[in-house]
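Undergrad: This is the structure I have questions about; it appears just below.
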Amino acid sequence: IMRLHRTKLPAPMRALGDPYVRKEFRLHYQPDVKAAYREKFLGRWQEYAEVIRSQENVVGQELSTEEQGKLNAEQKKQLAELKKHATSV
């Protein structure tokens with residue numbers, strides 16, 4: 001993911017994305033994370049990588065209504081903070 005960011009993302013997007021990727025991978029590779037959850041986590045990152053690779057100019061992708069519905073309160077808060085920060089750059 002980090003190599004893909006270096007080659008595909010502009011600097012402002014990398015400034016947001018790289019720390020987020022590091023944090024998420026650290027959280028999901030703790031000893032108490034179940035293997036099934038870790039596999040799902042990696043699958044979503046693989047999907048993300050495919051989306052980024054397929055885009056000539058990286059523009060991201062909106063969350064579907066179904067995906068938004070699966071977010072818990074903390075995730076919704078993080079998403080709102082990320083959106084706020086991204087629009088201010």
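Residue-wise test of (1) of a type outside the set (Asp, Glu); (2) touching a strand residue (DSSP E or B) at 6+ places or on another chain (Cβ under 7 Å); (3) without any contact (Cβ under 8 Å) to a residue 24 or more places away in the chain.
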{"position": "2", "(1), (2), (3)": "yes, no, yes"}
{"position": "11", "(1), (2), (3)": "yes, no, yes"}
{"position": "15", "(1), (2), (3)": "yes, no, no"}
{"position": "18", "(1), (2), (3)": "no, no, yes"}
{"position": "31", "(1), (2), (3)": "yes, no, yes"}
{"position": "41", "(1), (2), (3)": "yes, no, yes"}
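Undergrad: Now, a different point. Looking at this structure, is residue 16 within 15 Å of the chain's Cα centre (by Cα), among the hydrophobic types (A, V, I, L, M, F, W, C) and open to solvent by less than 70 Å² (accessible area, probe 1.4 Å)?
TA: yes
Undergrad: Same structure again: Quick check on my filter: what residues within region 49-77 are surrounded by 12 or more Cβ atoms within 10 Å (Cβ to Cβ), part of a helix (DSSP H, G or I) and touching a helix residue (DSSP H, G or I) at 6+ places or on another chain (Cβ under 9 Å)?
TA: Result: 49, 52, 68.
Undergrad: Any idea how many residues of region 19-37 are part of a helix (DSSP H, G or I) and either under 17 Å from residue 75 (Cα atoms) or open to solvent by 100 Å² or more (accessible area, probe 1.4 Å) (or both)?
TA: The total comes to 11.
The values are calculated or read from the model by the stated rules, or taken from the named source; none is laboratory data. Keep in mind it's a predicted model, so treat the numbers as computed, not measured. Quick reminder, even Gly has a Cβ in these numbers, built from the backbone with ideal geometry, and neighbours come from all protein chains shown. Surface areas here come from the heavy atoms of the whole protein model, side chains and all, with no ligands, DNA or RNA. Shrake-Rupley method; radii C 1.70, N 1.55, O 1.52, S 1.80 Å.
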